[in-house]
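Below is one structure, written out as structure tokens; comments come after it.
Nothing in this text is a laboratory measurement; each read-out follows from the coordinates by a stated rule. In this text the structure is predicted, and so the values were computed from the model without any measurement. All Cβ positions, even for glycine, are placed from backbone atoms using ideal geometry, and neighbour counts span all protein chains on display.
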Amino acid sequence: MIVTDTRLKHLLSVAEHGHFGLAAESLNISQPSLSKSIQGLEAALGVKLLDRERTGVVLTAFGELALEHGKVLLHEQREMQREINLLANLDIGLAQVKLGPYPSIISGYAAAGRLLANHPNIRLSLDVVGWRKVFPEVLEERADFGIGEMSALEGDSRFEAEALVPHRARFFCRPDHPILNKYPRSIEDMAAYPWAGTRLPPRVASYFPSGVFPAGHIDPITGDFVPAIHINIPFSLGSFLPGTNVLVIASLALLESELAAGTAVPVPGFTFPSAYGFGHLKTRSLSPLALAYMAEIREVEAEFTQREEKLAAIYG
């Protein structure tokens, strides 16, 4: 026999009422069923818990001790169930996420804001790292999931991966940049000017010339392309353009205000796709909060794609 929460509740009721009949009535069970439950508890503990007297029942010393601990156990059980319900309903909880540079500003922060607006008591730990660090951090269980370059997960069966809809990266420059006067223009022509952006993976670097150029260089160890102006988080990219020959690597929506103001224009003819998405360990279940955050990111990503399509119709 085992000590169950039901038997503890029955003991608590008998102790409160001091009478089997009254306790059975309050529990909405028969008196024989209540007596059998208490006998089962006594058998499980191996001691006598109650003394029957002419006026009712009283706890033995063992009964007092069992009741004291039983109240604690029942309280902890209620608290556990309450917190499980809170966690399931996103009233509490912590999600730890590793974000690649571009995903962070395209959808990561915006999705977090939306989630917090509806669930103000949750906690989010959003760490922006280079694309090569995102999924190793998840593998070390320093994050629930990551949003990063999908090529980093190729052939890795430890991860559950979900690619997000790709965006088109382009080159942007100031409106009177000399590269706009050259046509046709090659990637070598583009590489004659400094580029600004984050470290790019080998699948993108393969399109760029090898060697050292004003644009930047290909890392001989990793195969990544490292721009001459290497930034960790691509905020305020348009600020690199006025009065310089810098070419910025970004998407249309990230430079929407500069395009509207006429301080930035896309360089025609060169685009390449993003390829980032979610990755989490197959052996580690995601919390309701993590799943809700992922759902918000998908919505923001879809809206970003729509913005990109509208801007592409305007700017080509």
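Here are the numbers:
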quantity	calculated
Full-stretch length increase - Ala260, Ser35 - with 0.36 nm per residue and alpha-carbon distance subtracted	72.9 nm
Those lysines that a straight Cα-Cα span of less than 28 Å connects to Lys71, excepting residues fewer than 8 apart in one chain	Lys9, Lys36, Lys48
Residues with amide H under 5 Å from that of Ile231, placed H, sequence gap 5 or more	Gly197, Thr198, Arg199
In order through the range 231-244: 3J(HN,Hα) via Karplus (6.51 cos²θ - 1.76 cosθ + 1.60), integer Hz, x for Gly, Pro	10, 7, 10, x, 8, 6, 5, x, 5, 7, 8, x, x, 10
Antiparallel bridge percentage (DSSP; both residues within the chain; nearest 5)	70 percent
Per-residue ³J(HN,Hα) for the range 214-227, Karplus 6.51 cos²θ - 1.76 cosθ + 1.60, θ = phi - 60°, Hz, x for Gly and Pro	x, 5, x, 8, 8, 5, x, 8, 9, x, 6, 8, 10, x
Amide H contacts of Glu160 (H built 1.01 Å from N, under 5 Å, at least 5 apart or other chain)	His280, Leu281, Lys282
Pairs of alpha carbons in the range 130-263 whose separation is greater than 18 Å (percent)	60 percent
Amide N of the range 138-174 lying under 20 Å from the label point, which is placed 7 angstrom from the Cα of Ala312 along Cα→Cβ	150, 163-173
Theoretical FRET efficiency, 1/(1+(r/R0)^6), r = Cβ-Cβ of Glu303 and Gln81, R0 45 Å, to 0.05	0.75
Helix-only CD estimate at 222 nm, as mean residue ellipticity for the chain, using -39500 (n - 2.57) per DSSP H run (n ≥ 4)	-12000 deg cm²/dmol
